[in-house]
Structure formats: structure tokens, C-alpha cells
2 protein chains.
Amino acid sequence: MSNKTAVGKAAATKRGTGRTAEAKLADLRVRLAEISDLNGAGALLTWDQATYMPPGGSAVRARQGATLSRLAHEKFTDPEIGRLLDSLTVYADGLPKDSDDAALIRVARRDYDKAAKVPAAFVARMTEVGSASYDAWTRARPANDFATMRPYLEQMLDLSRQYAGYLGPYRHIADPLIDGPDEGMTVASVRALFSELRAALVPMVRAIAAQPVADDSCLRRAFPEDRQLALGLQAIRRFGYDFARGRLDKTHHPFCTKFGPGDVRITTRVKENDFGEALFSTLHETGHALYEQGVDPRYGGTPLDSGASSGVHESQSRLWENVVGRSRAFWEYFYPIARKAFPEQLGKVPLEAFYRAINKVERSLIRTDADEVTYNLHVMLRFDIELDLLEGRLEVKHLPEVWRARFATDFDLTPPDDRDGCLQDVHWYAGTVGGAFQGYTIGNILSAQFYAAALKAHPEIADEIAAGAFGTLHGWLNKRLYRYGRKYSPADVVKRATGKPMTLQPYLTYLRGKYGELYKLPV
Amino acid sequence: MSNKTAVGKAAATKRGTGRTAEAKLADLRVRLAEISDLNGAGALLTWDQATYMPPGGSAVRARQGATLSRLAHEKFTDPEIGRLLDSLTVYADGLPKDSDDAALIRVARRDYDKAAKVPAAFVARMTEVGSASYDAWTRARPANDFATMRPYLEQMLDLSRQYAGYLGPYRHIADPLIDGPDEGMTVASVRALFSELRAALVPMVRAIAAQPVADDSCLRRAFPEDRQLALGLQAIRRFGYDFARGRLDKTHHPFCTKFGPGDVRITTRVKENDFGEALFSTLHETGHALYEQGVDPRYGGTPLDSGASSGVHESQSRLWENVVGRSRAFWEYFYPIARKAFPEQLGKVPLEAFYRAINKVERSLIRTDADEVTYNLHVMLRFDIELDLLEGRLEVKHLPEVWRARFATDFDLTPPDDRDGCLQDVHWYAGTVGGAFQGYTIGNILSAQFYAAALKAHPEIADEIAAGAFGTLHGWLNKRLYRYGRKYSPADVVKRATGKPMTLQPYLTYLRGKYGELYKLPV
């Protein structure tokens, strides 16, 4: 073969349709990395805003964030990405079933198809209205001012419907909103799951409510802020959170964020008169962070570099916060340490009293403060109401009264105001109405399923936790779940890790076992 | 006029050449704001890297920064920006002389013409080599390893020459490299200025060197870190640094950065055994920050939202660090506060002894540690050497010996190694060879010129400083300099503020007055 021909062939390969699938995949990866960079920088803008940004920075920060999201959306919906994905789909079908490349093409295809359906102008409008609405909500909630939020919520509801419309066709209008964060779930499947769970929870909550309320006054003493933070750091270092690839800072609303495989940060908030606030929110965000830190670093710069779904992600925050962090085993190890940090506050409180305090069950107003047993009733209430709003069976103007009525039915309590009623969660006011809440309960359910599977594989885990060793549990989760990122669908990853599709049984067993010991429960 | 015609006209105006100048200017502003957002986000990436980023974040961070710079360069060199500027130049000529819009068009034109001359691939290469070279330098300097840096420096020199070539034509190859940061200056004008200054400095340094060295041992005691930081905060709050639009954090190499008009941050570093390190670097960066915080907020999102030049910027850091921060008047006010913070360390040190210690003049190895008098000799040495490198009269391989020889001539000292010799500054290894050093001495010269002008307008400033009041000085600087940002050229803004072009006289008067009182100087 002459030199000239070789050069000619190389040039042809470079130019267009003659490119190999490998070259196209490489091109796709470069494009995805650029988008990942924009998103990573955007995530840093948000982290900084929530931690260190001086107040004067907010106006420009909002614009910077909007610019980066818009550019990322523009780059991602570039028709050339569609063409690359089109021609790579056949290639992916020929790859081994377990291939990372095939998974990348599948996940990028899924994201692209969704993003490309939504016009850029709509995305910008949604961001803009959401941002203004969020801003109004930060003032309206403390002022108990639903009237101000009503037109915003009407807009957000309208936009959520339009958004679902773009993503359609659908069986139920909330289906596309749920399928975004929780791939594979639908209104029908969530309803079935929730109704089964509800049937078990309602008598459990009723039985507990009939008994004396646990005394948690030992958690309401004055716990100096710096020692609270230090205690949280001690716990999560033992859990296996890697500080060379992360850090903990203070914020108003705790969250976990990822800038890349080597930088997964968490935030927490501290209340001096509340032992649990900082610690449990730190453990919660650490669960998210362990998941993100565990994703195969080779997935960096691609859409695989993240958790499988909202529900699977939440399962890890709840596993480390509740299944581990509120277990008797954990506190056998950690209570002496906590007492050493707070000798005056906890020195005379026996472990058993402390354990009962941190696991107190009580019907209360606020979802984020709720205990493990009642928490899911908060979620179900929101899920049912958002479906009614989306279906048009409930008008926004009637939301406060409907909330109060439903709350009274489910909790035997009437919220004294909207601040601690229908204004309490930011989700509807800043994001979509629909799709944001089911993940919390799916997470609770899966937390027990993953833990039970880990325990079955390594029965020594319970004893290890009581000895302050978390490596076996963390290692199992890394190997069976974390490292895969978004490689497998949520349903697949659950099945691969636990051997079964999502099932309620381990969660009910967990709740009945733990709370049956703490309270008398109906059999 | 029929409706149809009006619609037709509006449509034509929207489309193309029919657009009004105002519409084109609005279009330009939108584009510039997008670029400003990318640059602002890039600056946050850098700030975070230098303050809070965990070590694991560095690989992805470098890529994110490169992506944002590349996108900003692509957006800015979009030929449509060139076309907008072309058609707006005539419009600008018709605007009032003092118009902000005309200034915006002029400055954007200047930046665009420079940026458009440089191919994107070259920018990427320069960033890539600079980044690798910087990385190597961070290890080679402590290891005193010039051999490793030699090929990098040869590359950087070569790239600097190419860069100058793109920006040409020029009279001297360093002219375009100087004109970038210090608009209007050339090798010839800097040489003239430096030679005049040198003629005054050399005998001054010689006379001081012949006298006993001042005792600064009182600054070398153990000063606890948190109290050092708190003292710096006290000082800069009085200066007028606005913490609602900024913050101070710790870093390795202090800097000031701006994310937008409402967010101008500074960083400092602390050495326990060095009273001056944290304090004076805080005051220095605060000078930069006061300038940036003072720029008219309406310039936000445009290239006007920054200081006029490297030299003018440096004049403000030096004014607040030295002219104010090392003055006797300032310490009359601040020494009792410093003593209260460090009673054991400074309680027995009289003000006069302390004042002499912080103004100790000594020929020493390191530019960044140098006193006010010898500092400029460090700059001149670098300036002359970089010209020799660019002109090809000096080969990189001979740099260490040439540095040592020149150092011996100028300082009567021979650096014991390259670490504290030709490896000490990062500039050549990470940026361009040429253009980075002259700004420091221009800044020193202008610091005295601005201060003298302020004092002439408000003779009470000296007494106010001694009483801890900085509002008159800060207000005058805001009104005469800061608020204009890049609206006027460096030469214009100096003339407008001080009534004169840049002149050496106030600086020489300042040095002779201050150091003539501290030391015996030749008349």
C-alpha cells in the first residue's frame, strides 16, 4: 500500500461517516467530558453559595449558574451528539453485556432523548421561574405567607405539566416526572408499593401513639458547636468517608455534592440545643457521599459518574444515618465517645435512655424532623397531593386546607399554620410538582434490603459495627453497588446486589424488629 | 403607517444590518456577560483550589478550568463579536467623551483585537505547557532542581516569543507582552523609568547597607495563628474592606480574586514565627480588593469591571500595604491594638523599635520578602534578564550563572542555590517570559503619586490615619480611581486622578523622607 493511500484513508476516517465506532465513541466522550466540566463548575458555584459566598455575591452567582446550565444543555442537545448516539447504538448492541462502553452509550442515550425533547427556551424559563419562586419561598415560608406563593406554585404546576408533556407520551401525567429521578418507576408502581407499606405502617404508628412518648430531653441540652462537628467527623472517618477526596462544611440546608471522582463534599448544620441535628445530617450526607466516592473513577467525566437513581441514592443516606447510625450496635461503640465529648450533657444518661431518645417515634409536623416510622406517611401525603394537583383534581388555592385535612387524618394533628404545613418543603416551589418525594420512601425501603443482603453475606457485620468497624459493610456496598454508578438501571442494580427486585419485606422486618423491641406493636 | 409595515420594519431591525446601534450594543453586552460568567466561574474554580479543595480534586479541577477558559476564548473570538465591534466603533465616536458605552466599546475592541490574533490552538497549548511547567516548578524549586526546569523554561520562552509574534508588529519583542498588562508602556519607556529610579536607589541602598542592620527580632516570636488572622481582619475592616462583598481565607500564595461586583475575596498565609507575613499580605491583597470593590457596579459583566492595569492595580496594594500599612501614623493608631493582641510578644517592645523592625532595609535574596527600598532592584534584575532571554542574548542554560553574577553586582550577595535564585518566582515558569514584573515597580512609583495627590487634596489624611480613620483616603481613591475600573487607560486615569502623568518624584520624595529619617542617606 502506498503512502498516499494510507494518508488518504486516514483523512477519510477523520472526516465523517468513515470514522470507526471507536473514534465516534472517543468523540462522544470528549463532548460528554466538556458537559461534565460545565456541570462540575456549576456544582461548585452552588456549593460555594451555600457555604462561603458573601451576601453580595448572590445576584451575579444566579446569573453565572444559569449561564453554565444553559451552555451545558446547549452542548448536550447538539444534534451531533444525537447522530453519534444513533450510530453507536448498533455498536453497543454488539458489545459484551457487561461492557462499560455499552452502558455509557445506553445512559447517554436515555439522558439525551429526554433533554432533546425539551426546548432550550423552556429550560431557561423553568430555571428562571424556579429561581424567582425559590427566592420568594425563602421569605414566604418564615412569614407563613401562602398567598404570595400561590401564583408561583400555579406557575410551577403549569410548567411541570408542560414538562411532562414534552417527555410524553405517558399513561399518567406524573409518570415522566417520576421516571426522571427514579428510572423504571411509575405512578402505578409507586402507588402499589405505598399502599402495601401504608397498610403496615398505620397500625404500627397507631399502636406507638397509644404508648407513653419517649423522653428525649437529654438531646436538648447545650452542645457546643465545635464539639458537635468534631464528633460527626470522628464518626464518618470510621465509616470510611475519604477526606483526601472530600470535606465537611457548614450550611443552612445540608447536602452532598460531587465535582468529580476525587472531590465529593458534604455539608451539615448545627443547632446548639439539638444533639441530633448536626450528627444525623452528617451521617445522612455521608451515606450519599460514600456512594459517590465509591463510583468507579474511570466513569469520571461521563453520565455514569453518579448514583443509579434518587431512590437508590437515598437508600444509602438512610442506611448510614438510620440502619447503622441509629442502631444499638453503633451506639455501643460510639456512645462512650459521645459521652467523652459531652461529659456534662450525657455523662449521667444511660445508653439505653439515649438509644430510646434518638429513636423516639412521634407524630409531628415536619417531614425532615420525622422519625423512621412516621417519615413515610409524610412522603405519601405529598405524593397523593401532587398527583391530585397534576391531575387537576385539586386547585392550588385549596392546597392549604386540603393539606390540613389530610394531615389530620394521617397524623391526628392539625398544622397550626402553612409554614409548618404546605409551605414546609421547597420541592414544589423550586423544582417540579411531581417526582421529588417518592425517592425518599423508596430509599427507606431499599436501605433495609441492601443492609439485609450485606448481613446475609457477612453475618459478622453487626458485631463489627458494635466494635466500630465498618469496613466489611462499606466494602460490600462498594463492591455490589457503589462502583457501578449508573452503569445498571436501578432495578438491575438492586437485583444484582441483593438477589431480588425491590421488596418491602426487609424494611417491614427491620421496623418491626427494632420498634417492636422499643414499643409494644400489634402482631 | 399600516400595522403590517410596522411589523415588517421591526422584523428587519431584528434580523441584521438594520439593527440599531443600541440593539447591537445590547447584543454585545449579552455576549460579554456570558464570557464574564465563564471567567467568574473559572475564578471560583481557582479560588477553591487554593483554599478548600481536597487533594483528590486537582486532576479534574485542571480540566474544568481549561474547559471554561477555552469556552470563554471561543465565545470572545466569535467573529460576530468582531462584526458588532466594527459597526459600533463609529457609534462610539459619536458618543460624549465621557460615555461609559464608548469606553466599553473601546476596551472590548482592544481585548478582542488581541484575543482574535491568537489562535485557539495556541492558547490551549500555552495553557497546557504552562500548567505542566507550573506543576514541575512546585517540585523543582524546593528541590533546587534547575535542570528539570530548563526544558520547560525553554518552551515557555519559545511560546512567549510566538505569542509576541501573534500580537505584533512591535518595535521590541517584549513590547506586546508589556502592553498586555500595562497598556501604553513599552520596553523603551520602562527602561527610561527604571534607569532614572536605579540611579536614585543604588546610592540609597549602599548608604543604608553601610549602617547597622535594624533589629527585627521582635517580629520573630511566636504569634498564634488565630490572633494573627483576627488582627488582620481588624485592620482591613477599618480600611473599609466590605465583608458583605468579600471574605478572607487562608492559602499558600496570597491573592485577590473577583467573581463579580458583589464578591471580591482575598487570601493570606500565616507563619507563626513571623508577625509580618499574614498582616502585610492581608493589607496588600486588601489594596487590590478595595480597588475591585470600588469599581462602578454597573460595569459588572463587562471588561470594564477590573483595574486599569497591572501597575495601577499594584499601586493600590502597595499604597495600603506600605504607604499606609508601614507608616508611623498607622502604627500610632494600630500598635496599641497589636500589643493588646500579643501582650507577651510585644508588650515590652516600644513603638519606635517596632516601627524600625517592620521597615528594616536589608539586601536579601527573595523578592517577595524584600523591603520597600531594595524591592525595585529585584524587579529590575528580572526585567533586564527577561529582555536578554527574549532577545536571544541569553540562553536559558546560562540563566543560573547570569542570575548569580547580576545578583552579586546589584546586591553584594551571591544566592547559595537556584531555589532562592532564578527559581524563586513562578512567573516565567507558568506564564510568559516578559511582561510580568514591571508592574510591581510601576505600582510602587504610582502608590506614592496617588497618595501624594490624595494628601494634597485632603491634608488631614495623615492625622486621620493616626486616629484609625481611613474614610477620607478611601473615599478619594474611590472617587478618583477605583470607580472607573478600566474606563480610562492607565495613563489617563493616573493623569485624571493626580493631575500629572506618571512621575518618579513623589516616590523618591517618599523614600527619601521615610528612610532618610530612619537611616543617614546621601543628600
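For the range A:468-481, taking the residues that are crowded, with 23+ Cβ neighbours inside 10 Å and under 20 Å from the mean Cα position of the chain (by Cα), the one that is nearest to A:ASP296 (Cα to Cα) is identified as A:LEU481. Could you list, in sequence order, the residues of the range A:436-464 that are part of a loop (DSSP other than H, G, I, E, B) and either of a type in the set (Phe, Trp, Tyr) or surrounded by fewer than 16 Cβ atoms within 10 Å (Cβ to Cβ) (or both)? Residues satisfying the conditions are A:PHE437, A:HIS458, A:PRO459, A:GLU460. Of the numbered criteria (1) over 30 Å from A:VAL493 (Cβ atoms); (2) under 22 Å from the mean Cα position of the chain (by Cα), the one A:MET126 fails is (1). The single condition among (1) small (Gly, Ala, Ser); (2) away from chain A (no Cβ under 12 Å); (3) under 24 Å from B:SER306 (Cβ atoms) that B:GLY232 does not meet is (3). In the range A:426-435, the residue that is surrounded by the most Cβ atoms within 10 Å (Cβ to Cβ) out of those that are modelled with pLDDT under 95 and in a loop (DSSP other than H, G, I, E, B) is A:THR432. Scan the range A:165-188 and give yes if some residue there is part of a helix (DSSP H, G or I), aromatic (Phe, Trp, Tyr) and under 22 Å from the mean Cα position of the chain (by Cα), otherwise no. Scanning the range A:165-188, I find no residue that is part of a helix (DSSP H, G or I), aromatic (Phe, Trp, Tyr) and under 22 Å from the mean Cα position of the chain (by Cα), so the answer is no.
Given the condition away from chain A (no Cβ under 14 Å) and closer than 30 Å to B:THR472 by Cα, answer yes or no: does some residue in the range B:209-227 qualify? Yes.
Considering only the range A:49-70, how many residues are surrounded by 20 or more Cβ atoms within 10 Å (Cβ to Cβ) and more than 7 Å from chain B (Cβ to nearest Cβ)?
To start, the set of residues in the range A:49-70 that are surrounded by 20 or more Cβ atoms within 10 Å (Cβ to Cβ) comprises A:53, A:56-57, A:60-61, A:64-65, A:67-68.
Applying the additional criterion that residues be more than 7 Å from chain B (Cβ to nearest Cβ) yields A:61, A:65.
Qualifying residue count for the region: 2.
Can you confirm whether the range A:20-30 contains a residue that is within 14 Å of another protein chain (Cβ to nearest Cβ) and closer than 30 Å to B:ARG247 by Cα? Before you say what the answer is, go through the steps one by one.
Kept after step one, since they are within 14 Å of another protein chain (Cβ to nearest Cβ), are these residues of the range A:20-30: A:29-30.
Pick out the ones that are also closer than 30 Å to B:ARG247 by Cα and you get none.
Looking through the range A:20-30, none of the residues is within 14 Å of another protein chain (Cβ to nearest Cβ) and closer than 30 Å to B:ARG247 by Cα.
State which residue is surrounded by the most Cβ atoms within 10 Å (Cβ to Cβ) when the search covers only the range A:494-523 and only residues that are in contact with a helix residue (DSSP H, G or I) (Cβ under 6 Å, 6 or more places away or on another chain) and assigned to a helix (DSSP H, G or I). Checked the range A:494-523; the qualifying residue surrounded by the most Cβ atoms within 10 Å (Cβ to Cβ) is A:TYR507. Scanning the range B:312-321 turns up no residue that is over 19 Å from A:MET53 (Cα atoms) and surrounded by fewer than 20 Cβ atoms within 10 Å (Cβ to Cβ).
Could you please find all residues in the range A:340-371 being surrounded by fewer than 19 Cβ atoms within 10 Å (Cβ to Cβ), within 30 Å of A:LEU193 (Cα to Cα) and acidic (Asp, Glu)? Of everything in the range A:340-371, those that are surrounded by fewer than 19 Cβ atoms within 10 Å (Cβ to Cβ), within 30 Å of A:LEU193 (Cα to Cα) and acidic (Asp, Glu) turn out to be A:GLU362, A:ASP369.
For the range A:93-123, a tally of residues being within 23 Å of the chain's Cα centre (by Cα) and in contact (Cβ under 8 Å) with a residue 40 or more places away in the chain returns 9.
If the condition is being outside any helix (DSSP H, G or I) and either loosely packed, with under 15 Cβ neighbours inside 10 Å or of a type in the set (Phe, Trp, Tyr) (or both), then the range A:196-219 contributes A:ALA210, A:GLN211, A:PRO212, A:VAL213, A:ASP215.
Is it the case, given these coordinates, that A:GLY168 is of a type in the set (Gly, Ala, Ser) and at pLDDT below 95? Outline the logic, then answer.
On the way: of a type in the set (Gly, Ala, Ser): yes; at pLDDT below 95: yes.
Yes.
Taking the numbered list (1) crowded, with 24+ Cβ neighbours inside 10 Å; (2) in contact (Cβ under 8 Å) with a residue 40 or more places away in the chain; (3) away from every other protein chain (no Cβ under 14 Å) in turn, A:GLY287 passes all entries but (2). How many residues does the range B:99-157 contain that are in contact with a Leu (Cβ under 9 Å, 6 or more places away or on another chain), assigned to a helix (DSSP H, G or I) and over 22 Å from B:LEU88 (Cβ atoms)? So the answer is 13. Just checking, does the range A:250-272 include any residue being under 24 Å from A:SER306 (Cβ atoms), touching a His at 6+ places or on another chain (Cβ under 6 Å) and of a type outside the set (Asp, Glu)? Yes: one or more hits. Taking the conditions (1) modelled with pLDDT of 95 or more; (2) within 14 Å of chain A (Cβ to nearest Cβ) in turn, B:ASP86 satisfies each one other than (2). Applying the condition of being of a type in the set (Asp, Glu) and part of a helix (DSSP H, G or I) to the range A:372-420 and asking which residue is surrounded by the fewest Cβ atoms within 10 Å (Cβ to Cβ) yields A:GLU401. Restricting attention to the range B:261-304, the residues being out of contact with any strand residue (DSSP E or B) (no Cβ under 6 Å at 6 or more places or on another chain) and under 22 Å from B:GLY435 (Cα atoms) number 5. Scanning the range B:34-48 for residues that are more than 7 Å from chain A (Cβ to nearest Cβ) and farther than 16 Å from A:ALA62 by Cα, we see that the one that is surrounded by the most Cβ atoms within 10 Å (Cβ to Cβ) is B:TRP47. Of all residues in the range B:256-270 being closer than 15 Å to B:HIS284 by Cβ and out of contact with any Gly (no Cβ under 6 Å at 6 or more places or on another chain), which is surrounded by the fewest Cβ atoms within 10 Å (Cβ to Cβ)? Residue satisfying both the conditions and the ranking: B:ARG269.
Take the residues in the range A:290-319 that are within 18 Å of A:PRO181 (Cβ to Cβ) and hydrophobic (A, V, I, L, M, F, W, C); name whichever of them is nearest to the other protein chains (Cβ to nearest Cβ). Filtering first and then ranking leaves A:VAL295.
When the residues of the range B:235-255 are narrowed to those that are in contact with a strand residue (DSSP E or B) (Cβ under 7 Å, 6 or more places away or on another chain) and within 14 Å of another protein chain (Cβ to nearest Cβ), which ends up surrounded by the most Cβ atoms within 10 Å (Cβ to Cβ)? Here the residue is B:GLY246. Of all residues in the range A:349-367, those satisfying the criterion of being in contact (Cβ under 8 Å) with a residue 24 or more places away in the chain and part of a helix (DSSP H, G or I) are A:ALA353, A:PHE354, A:TYR355, A:ARG356, A:ALA357, A:ILE358, A:ARG367. Could you please tell me which pairs satisfy a Cβ distance under 6 Å, a separation of 6+ or placement on different chains, a first residue in the range B:451-478 that is without any contact (Cβ under 8 Å) to a residue 12 or more places away in the chain, and a second residue that is assigned to a helix (DSSP H, G or I)? Pairs found: B:LEU455/B:ILE461; B:GLU464/B:THR472.
The values are calculated or read from the model by the stated rules, or taken from the named source; none is laboratory data. This structure is a prediction, so every number in the text was calculated from the model and none was measured. With ideal geometry, Cβ positions are generated from the backbone for all residues, glycine too; neighbour counts draw on all protein chains shown.
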